[in-house]
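One structure below.
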Amino acid sequence: MAELNSRKIAYYGYTGAIDSTGASRIASALNAAVKNRCHEAQLCISSYGGYVSDGIFLYNHIRGLPLRVVAHNVGSVTSIAVAVFLAAHERYCSSLGMFMIHPTVMSSKDGMSAQRLQSSLDSALADDRRTEIILRERAAIPEEILTARRFKDVYITPNEAVIYGLVHAVREFALPDGEEIVQI
């Protein structure tokens, strides 16, 4: 943990799914930073996404912490991981990073009744609305891109991410000399 100008900073790395296990690991690490009286946590993340409910939980958890969170896309941040990434106060992307947004995917099982299919569709559409609220509030993604994501995967380059307000800049993460990044 760095103490730059008497500011304690925790450094974390995460690569994995946004599911109940991954969300709990990230939340626990950030909670530890708060308990250790850190002023800031830097999170290097690469995630293909996961479950919308776990992503919404983590988004709200990060937004509610008394801690400045700085996120670095150091690989790929896709699907619901984009919403988690947008919870950070400051956001950066590697020049080799990538973002992807898409419609919520619903699984179907053989023999599903019409009511069950409708329920799955309603759930997926509700998840799409929740995710889109975050994308609209925390970024400036053009309407045509938000519309396209309702029907297909939309890939966003680092330079487009700057234009769309997903990140503040394209910048490589560099761990300060003598510091440790904790993999969570």
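Quick note: the coordinates plus some simple rules give every number you see, no bench work behind them. A quick note: this is a predicted structure, and the numbers were derived from the prediction, not measured. We place every Cβ from the backbone using ideal geometry, glycine too, and count neighbours over all the protein chains shown.
Remark: His102, His72, His39 ranked as His39, His102, His72, counting other beta-carbon atoms within 10 Å and listing the fewest first. Applying the criteria of a DSSP loop state and at most 16 other Cβ atoms within 10 Å to the chymotrypsin sites (Phe, Trp or Tyr not before Pro) of the range 23-92 yields Tyr48. A cut-off of 5 Å between modelled amide H atoms, ignoring neighbours fewer than 5 places along the same chain, links Ile18 with Gly49, Gly50, Tyr51. Summary of the geometry: the range 1-71 and the range 87-139, compared by the centres of their Cα atoms, lie 21 Å apart.
Test of the criteria: in the range 100-151, which trypsin sites (Lys or Arg not before Pro) are in a DSSP loop and have at most 13 other Cβ atoms within 10 angstrom of their Cβ? Could you put the intermediate results ahead of the total?
Values: sites: Lys109, Arg116, Arg129, Arg130, Arg136, Arg138, Arg149, Arg150; in loops: Lys109, Arg149, Arg150.
Hits after loop and neighbour filter: Lys109.
Entry note, the chain: the mean residue ellipticity at 222 nm calculated from DSSP H runs of n ≥ 4, each adding -39500 (n - 2.57), is -12500 deg cm²/dmol after division by the residues and rounding to the nearest 500.
Debye sum, Cα scatterers, the range 2-183, no solvent: what log₁₀ I/I(0) at q = 0.13, 0.16, 0.18 1/Å? Once normalised to I(0) and log-transformed, intensities are -0.65, -0.94, -1.15. Among Asp122, Asp19, Asp54, the residue with the largest mean-square fluctuation in a Gaussian network model of the chain, with springs joining Cα atoms closer than 10 Å, is Asp122.
Per-residue Karplus couplings for the range 29-37, computed as 6.51 cos²θ - 1.76 cosθ + 1.60 with θ equal to phi - 60°, are listed in order as 5, 5, 4, 5, 4, 5, 4, 7, 6 Hz, Gly and Pro entered as x.
Residues Val82, Val34, ranked from the fewest to the most other C-beta atoms within 10 Å, line up as Val34, Val82. Counting other Cβ atoms within 10 Å, which trypsin sites (Lys or Arg not before Pro) in the range 1-96 have at most 12 and lie in a DSSP loop? Passing both the DSSP loop test and the Cβ count: Arg37. Summarising the strand pairing of the chain, around 20 percent of its internal DSSP beta bridges are antiparallel.
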